[in-house]
Every structure is written in structure tokens, then in C-alpha cells.
Amino acid sequence: PVHPRSGRCVQLGDDLISIVGIPTEIDAPWLFEDSGINKIGNKYYYTYCSNWTERTAEDKANGLPIAVIAYMTSDSPLGPYKAQGYTLENPGTYFGPWGNNHHWIFEFKGKYYIAYHAQTTEKLCGFAEGGYRSIFISDFTINKDGSFPIQKATMEGVSQVQNFNPYQKIPAATFCSAINVAVSSNQTIKPVSDGGYICIKNVDLSKGISSILLTTVPDKKTSGKIQLRLDNFGGSGKDICTIETGNSAEIKKEIKFDKNLKGIHNLYFILSGNIELKDWEIFN
């Protein structure tokens with residue numbers, strides 16, 4: 001329906017599991033799911049996915065398209081909210097595969113971004129209907145008057161905001177891209193097949209490398225290995241070391257690092273065998 005009247009908003013208690021007062025209705029046009037509130041400046045923005053109800057010609061002229069991210073504004077987090085239109089097309093408009101539309105608008109280092117999912121992996125794998133979704137992040141533009149334009153979305157996503165600092169403990173599930181690697185519910189990584197890898201982009205190795213410390217989930221039956229490589233996955237990359245894994249939960253490997261390699265590099269972890277990596281840290 002045009003007015004499902006299924007949106008609610010209420011203040012959380014100090015314990016973050018109770019509520020204060022009675023939930024307030026938000027009459028969001030064509031509301032389906034995936035709603036949230038952002039405070040930007042002095043204004044509150046309620047954003048949500050519009051529903052799949054078939055639109056009439058009049059609805060299409062005056063309403064919201066199917067499964068887009070719509071938004072409303074208010075001077076109070078509890079409303080009343082005023083409908084303003086929509087800000088993100090359905091992912092099918094950008095990338096081809098259509099599906100329901102989920103999102104999250106957030107601020108990081110002074111810039112706003114929008115995270116959302118699209119079924120591009122499903123298309124890549126050749127599935128007709130599987131519901132397989134990949135997360136995308138795009139820059140989120142806000143007009144000077146506080147309104148939201150229709151956002152741009154690309155396969156390339158956003159630019160890296162700064163170089164990566166490897167001289168601290170890094171969770172293994174922190175990476176830019178990966179092939180044939182699975183991420184567990186505990187945020188560990190495991191190769192799906194030998195040679196699976198993760199890539200961390202623009203790693204600042206200006207201090208050099210004297211050693212690396214790996215934390216793994218030890219396995220008594222079999223062992224694996226992890227290769228570290230710089231700049232490319234292939235013949236043009238520079239191998240740094242190969243680390244054998246096994247019964248030890250912590251493995252420290254001394255590295256003879258060419259001082260001429262100090263600088264900014266893409267860093268690859270290439271995994272083979274029965275290895276489950278929890279985190280890693282480089283020392284200079």
C-alpha cells in the first residue's frame with residue numbers, strides 16, 4: 001500500500017535494551033523495510049526501502065519507484081517526518097541485477113558514505129535467482145540546502161582515505177579484495193582452495209619489516225602455509241617470505257627485507273593447506 005503505517009520510532013533507555021515512552025508512528029509512503037535515522041546538522045533524516053507494490057501511472061508520476069532508498073526529514077528524532085523523495089536507485093538500475101535494497105548512511109573522517117548491497121555476485125556466477133548479495137560503498141552527496149540528490153554508484157566504489165598502517169595487530173578479515181578465501185563468523189579467514197588470497201591496498205612499509213607475527217587456529221592433523229607478496233599476485237610480484245603453520249597458535253617469522261622496498265605497496269597473503277588465520281602484525 002501507499003501508506004502501510006508500519007514505521008515506528010522510540011527513544012532507547014540508558015541500558016540500550018529498554019525503551020522510553022510509547023513508539024511513535026512514522027507514516028512513510030510505500031514503506032517496506034530497512035529503515036534508519038541519521039542526524040546531519042540540526043536535521044533528522046529517516047531513510048528506508050520503498051516496497052514492491054505495483055504502481056499505477058499516477059503513483060509513478062507522484063510517488064516513489066519500487067525498491068529505492070527513500071527519505072524523510074524532521075526537526076526531531078521522533079518526528080513528525082515529511083517525505084522528501086528518494087536518494088538511491090535500486091541496484092538493478094546501476095548494475096543490472098534487481099533485488100531488495102538495504103543501506104546504511106554513515107560519516108567517516110569528515111565525509112559521508114552510503115553502504116548498500118547489490119546482487120552482482122549472483123550475476124557473475126550465472127545464477128538466475130539466488131539472492132546472493134555483495135556489499136558496496138559509495139560517496140554520499142548532500143546538497144547545500146540539506147536535501148539528498150540521487151546518488152552515484154559504481155563498481156569501483158570509494159577511494160582509499162589514507163595509507164594502511166601494518167604496524168599494529170590487524171584482524172585477518174581486514175582486506176580490500178579476496179579470491180577463494182572464506183571469512184568465518186569469528187572473522188578468521190580460511191582458503192577455499194590452495195592459493196586463495198587476500199589483498200590489503202596501499203600498505204605503508206616506510207619503516208621496513210623485521211618480522212611478522214601471525215595468530216592462527218592451530219590444527220594438530222595437518223599444516224598449511226602462508227606466502228607474503230608485494231604489489232602483484234603473479235610473476236611481477238615480490239615474494240617476501242613463506243610461513244609454515246601447524247600446531248602453534250602464534251607464529252613469528254623473521255624477515256630479510258630489502259630496504260629498497262620501503263614505501264607504499266599492495267600486500268598479499270596467499271594461503272594454502274589447512275590454515276585458519278585470526279590476525280597478523282608487522283614489526284619494523
Segment 80-99 - residue that is in contact (Cβ under 8 Å) with a residue 60 or more places away in the chain and surrounded by fewer than 19 Cβ atoms within 10 Å (Cβ to Cβ) and, of those, farthest from Y48 (Cα to Cα): F95
Close pairs (6 angstrom Cβ cut-off, 6 or more residues apart or separate chains): free of Cβ contacts under 8 Å to residues at least 40 places away in the same chain and within 14 Å of T215 (Cα to Cα) in segment 264-281, surrounded by fewer than 22 Cβ atoms within 10 Å (Cβ to Cβ) and of a type in the set (A, V, I, L, M) anywhere: none
Is it the case, given these coordinates, that T73 is part of a strand (DSSP E or B) and touching a residue at least 60 places away in the same chain (Cβ under 8 Å)? yes
Here are some residues: I198, I209. Which one is in contact with a strand residue (DSSP E or B) (Cβ under 9 Å, 6 or more places away or on another chain), within 21 Å of S134 (Cα to Cα) and not small (G, A, S)? I198
When you scan segment 104-113, do you find a residue that is open to solvent by less than 20 Å² (accessible area, probe 1.4 Å) and outside any loop (DSSP other than H, G, I, E, B), even just one? yes
Among the residues of segment 212-241 satisfying the criterion of being in contact with a strand residue (DSSP E or B) (Cβ under 7 Å, 6 or more places away or on another chain), among the hydroxyl-bearing types (S, T, Y) and open to solvent by 60 Å² or more (accessible area, probe 1.4 Å), which is farthest from Q160 (Cα to Cα)? T222
Taking segment 267-284 and keeping residues within 25 Å of N186 (Cα to Cα) and polar (S, T, N, Q) leaves S272, N274
Does segment 185-192 include one or more residues that are surrounded by 15 or more Cβ atoms within 10 Å (Cβ to Cβ), in contact with a helix residue (DSSP H, G or I) (Cβ under 9 Å, 6 or more places away or on another chain) and not hydroxyl-bearing (S, T, Y)? no
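Listed here are the residues, each with its yes/no results for (1) among the acidic types (D, E); (2) in contact (Cβ under 8 Å) with a residue 60 or more places away in the chain; (3) under 27 Å from T154 (Cβ atoms); (4) not in a strand (DSSP E or B).
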| site | (1), (2), (3), (4) |
| --- | --- |
| R5 | no, no, no, yes |
| R8 | no, no, no, no |
| E33 | yes, yes, yes, no |
| C49 | no, no, yes, no |
| N101 | no, yes, yes, yes |
Do we find a residue being surrounded by 14 or more Cβ atoms within 10 Å (Cβ to Cβ) and within 17 Å of G146 (Cβ to Cβ) anywhere in segment 52-67? no
Going through segment 172-185 one residue at a time, which ones are assigned to a loop (DSSP other than H, G, I, E, B) and touching a residue at least 24 places away in the same chain (Cβ under 8 Å)? A172, T174, F175, C176, S184
Residue hits (segment 236-277; of a type outside the set (D, E, K, R) and in a loop (DSSP other than H, G, I, E, B)) are S236, G237, G246, N247, S248, A249, I255, F257, G263, N274, I275
Scan segment 130-138 and give yes if some residue there is over 22 Å from V183 (Cα atoms) and charged (D, E, K, R), otherwise no. no
Answer residue from segment 38-50, given it is within 14 Å of F148 (Cβ to Cβ) and under 19 Å from the mean Cα position of the chain (by Cα) and is surrounded by the fewest Cβ atoms within 10 Å (Cβ to Cβ) among those: N38
Candidate set from segment 27-63 (those that are modelled with pLDDT under 95 and of a type in the set (V, I, T)); member that is farthest from N90 (Cα to Cα): T56
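The values are calculated or read from the model by the stated rules, or taken from the named source; none is laboratory data. Predicted, not measured: the structure shown is a model, and the values here were computed from it. Using ideal geometry, Cβ is built from the backbone for each residue, glycine included, and neighbour counts are taken over all protein chains shown. Protein only, heavy atoms only, side chains kept; ligands, DNA and RNA dropped before computing areas. Shrake-Rupley method; radii C 1.70, N 1.55, O 1.52, S 1.80 Å.
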